[in-house]
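Accompanying notes for the structure given below.
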Amino acid sequence: MTRLLHRLAQPWARADGAYSIPGTLVVKLCLGEAPEHLPSLLDVRRNVSEPARFLNVEPVDRILKHFTDDCWVSRLHSSMRTWGKMDPSEDVFDDVEHAIGLSRTLHLEVDDECSIANLIDALRQLAIVEEASPQYLCSVPFGTMVQALDPAEARWPREEIHAPEAMAFEPGDATVIVGIVDTGVERHHPELKRRLRSGFNTVDFDRSDLATGIRLVGHWSGPDSDPEDFVGHGTACAGIIGAAGEHIPAGVAGECRLLPIRVLAAALMPGREEPVGIGAVYDIDMGLKRGIDLGAKVLNLSFGTAASSLEPADPKPHTDIVKYGVARGCVMVAASGNSGKEENFYPAAHDGVIAVGGVDRTGKPCSFSTRGQHVALSSPGEGIVSANLHGYAKASGTSFAAPFVAGTAALLVSYAEGRAEPVDGGDVKRILKKSAQPFAAGTDARGCGAGILDCQAALRTMEKEFDEKNSAALAVAGGRHG
């Protein structure tokens, strides 16, 4: 899809870049430079507040007025303290949000005819502007899906990674929340309806945002509490993590609960019969932050943007929100990509994210799996049977490899909480790599990570580390009192 979007005309932006929405950009100001009392973008979209007209920051406004007659400004993010409150004056950010820059990341809407590329170049020359970027689009699927249901086929990936044995050892904790950041989830699916928490939707498109030939379907205008899936991609990921076990094996996360976070709309592309998911990068970030603030300990991120589609001066997508997740102790798991090349897709390539490649039934890396030094490990990614909008589907792609790792991460978090031991994404990543199975003999697995996911071995590795730490602590205590 990315190559298709490159070919579609976007006169407001650079022709060779990733597709960006006309009339919108995101600007991050330096610490202490953001104006006070700006409404959040969510409050503006909910008609709770009106956006500000220009920034009231002289050097920034001077450049804006040179390129556009109108500019409407809001903060991209809401603070963690104010979710659910209707009074925008209470939007108070904490030290973490200030330090990372979420409080000073601004969403700007300008004239559609404005040359966004030239405006951004000018803003980047200002000392008080830390970053400026177009509103790029991200897309899924990282893979393919076809309708199918053969329960025997559904078992192999779970057995390959020893998921049944893992769930017998640790059934999962219903208080551990896994965020499915995707196209939404089919909430009434028999495999999922009893595992889902109330979710939400941050998708907000106007038909004029997209190039001619792209047609939005389903719900796509305005944030709300309805995370309904019109693509099937998010539902498939959710089934791998949290299926109830009606007609396919139970999800890898056992009794952990799922939080549907719809950040991608459904769109029909020229020459395609099935919809794909598309979303603005910063709408995705808005959904990610809200999921983190609502307590999601694990986040499955089966989407991405290739570094090669960005301009050299562009900030890497999702940088600040990944830092925020790390600061809040979240475990973030992302698909490495489906290019079959060695390259970076974001968010998978960020430090603090567990990047996952795909392997086939034989334990060999899938031909489509994107490689790189940042890839932590691989898991089954070919011929995966999971839930779908109208029953079940067989899916292939790193989009469907990542949920096996996210589900295992949720079991590790559940086990750690049962032992009253704190863990974060770094701990989980290290244990997953340490416990991984080897790739098939003779396989070229360079850039595919430490090996293949082994759920049971990961839990046993964590158990051993906790036991050794406790034994050492007891020995020290005994020496003091001996």
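Every number in this text was worked out from the coordinates using simple rules, so none of it is lab data. Not measured: the values here are computed from a predicted model. As a convention, Cβ positions derive from the backbone with ideal geometry for all residues, glycine included, and neighbour counts pool all protein chains shown.
What the table below lists for this structure:
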item: Degrees between helix 455-481 axis and first principal axis of the chain (Cα, 0 to 90, nearest 10); result: 80
item: Helix axis angle, 58-67 relative to the chain longest principal axis, alpha carbon, degrees; result: 80
item: Counted charge near THR398, where neighbours are those whose Cβ lies closer than 11 Å (Asp, Glu -1; Lys, Arg +1); result: 0
item: Partner aspartates and glutamates for LYS28 [C-alpha distance under 15 Å; skip if fewer than 8 residues away on the same chain]; result: GLU36, ASP61, GLU97, GLU109, ASP121, GLU130, GLU131, ASP285, ASP314, ASP320
item: Cα centroid separation - segment 205-247 against segment 347-426, whole Å; result: 20
item: Efficiency of FRET from Cβ geometry, ALA472 and GLU165, R₀ 25 Å, rounded to 0.05; result: 0.35
item: Mean ellipticity per residue at 222 nm, deg cm²/dmol - from DSSP H runs of n ≥ 4 across the chain, formula -39500 (n - 2.57); result: -8500 deg cm²/dmol
item: In degrees, nearest ten, helix 281-293 long axis to first principal axis of the chain (Cα); result: 50
item: Proxy reagent accessibility, fewest Cβ within 10 Å first, across LYS394, LYS323; result: LYS323, LYS394
item: Sorted by Cβ neighbour density within 10 Å, fewest at the top, the residues PHE466, PHE200; result: PHE466, PHE200
item: Three principal axis lengths of the chain [C-alpha, angstrom, descending]; result: 68, 66, 42
item: Spread of Cα-to-Cα distances over 5 Å intervals beginning at zero, given as percent, for segment 312-443; result: 2, 11, 18, 21, 19, 15, 10, 4, 1, 0
item: For segment 9-135, alpha-carbon Rg relative to the globular expectation (2.2 N^0.38 Å, N residues); result: 1.05
item: Exposed-loop-free span, longest in the chain, where GluC sites (Glu not before Pro) count as exposed if DSSP calls them loop and at most 14 other C-beta atoms lie within 10 Å; result: 274-482
item: Taking LYS464, LYS28, LYS316 and counting other C-beta atoms within 10 Å, the order from fewest to most; result: LYS464, LYS316, LYS28
